[in-house]
Amino acid sequence: SIIGEHISFTVIGIGINLNQQTFSNNVQNVISISQKIKQEINILDALNDVLMHIDKRYSMLKNNQVDTINKDYFDSLYRNTGFHQYESNGKIFEAQIVGILNTGEIQLKDKNGIINSYAFKEVNFII
């Protein structure tokens, strides 16, 4: 909920495919952790791990370690180095990730040095 210029509260959700073995045909490039490591995941252990990491990041946020959080996030991004193919509005192009804005938009720099920002679902990886 937004009051004035500030967020008064928010609700987030996290979805993790732990032991799922089949997926909808409408979803591409999806896998579960158990498929990746070839063993079943203990759900309670996974929950405890997730909660521990959320608590760690929340503590970092409270201690104003935003730069560290942002760097760790960038370093964890898929294809965070080098040029790769992307698609936006039916156009395929090569670019590299150069940043993430506070609004959540991804910044891509093309081979001509032009930086464009894209919101959620405005750009796709070409895999």
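The values are calculated or read from the model by the stated rules, or taken from the named source; none is laboratory data. Given the structure is predicted, the values throughout are model-derived calculations rather than measurements. Cβ placement follows ideal geometry from the backbone for every residue including glycine, while neighbour counts extend to all protein chains displayed. Each accessible area value is taken on the protein alone, full model and side chains, heavy atoms only, with ligands, DNA and RNA left out. Shrake-Rupley method; radii C 1.70, N 1.55, O 1.52, S 1.80 Å.
Note on the stretch 100-110: residues that are exposed (fewer than 15 other Cβ atoms within 10 Å of the Cβ) and at pLDDT 95 or above total 1. Consider the stretch 54-88 and keep the residues that are without any contact (Cβ under 8 Å) to a residue 12 or more places away in the chain and open to solvent by 100 Å² or more (accessible area, probe 1.4 Å). The one that is farthest from residue 102 (Cα to Cα) is 56.
Take residue 121 and decide whether it is at pLDDT 95 or above and not aliphatic (A, V, I, L, M). So residue 121 does not fit the description; no.
The set of residues in the stretch 1-58 that are of a type in the set (Gly, Ala, Ser) and within 18 Å of the chain's Cα centre (by Cα) comprises 13, 15, 32. In this structure, residue 108 does not satisfy being out of contact with any helix residue (DSSP H, G or I) (no Cβ under 6 Å at 6 or more places or on another chain), assigned to a helix (DSSP H, G or I) and of a type in the set (A, V, I, L, M, F, W, C). For the stretch 46-55, indicate whether the set of residues that are of a type in the set (Gly, Ala, Ser) and either in contact with a Gly (Cβ under 7 Å, 6 or more places away or on another chain) or assigned to a strand (DSSP E or B) (or both) is non-empty. No: the stretch 46-55 contains no residue that is of a type in the set (Gly, Ala, Ser) and either in contact with a Gly (Cβ under 7 Å, 6 or more places away or on another chain) or assigned to a strand (DSSP E or B) (or both).
Can you find a residue that is part of a helix (DSSP H, G or I) and over 22 Å from residue 120 (Cα atoms) anywhere in the stretch 75-83?
Going residue by residue through the stretch 75-83, those that are part of a helix (DSSP H, G or I) are 75-76.
With over 22 Å from residue 120 (Cα atoms) added as a condition, the list becomes none.
For the stretch 75-83, residues part of a helix (DSSP H, G or I) and over 22 Å from residue 120 (Cα atoms): absent.
From the list 97, 41, 16, the one residue that fits, being in a loop (DSSP other than H, G, I, E, B), modelled with pLDDT of 95 or more, surrounded by 11 or more Cβ atoms within 10 Å (Cβ to Cβ) and not polar (S, T, N, Q), is 41.
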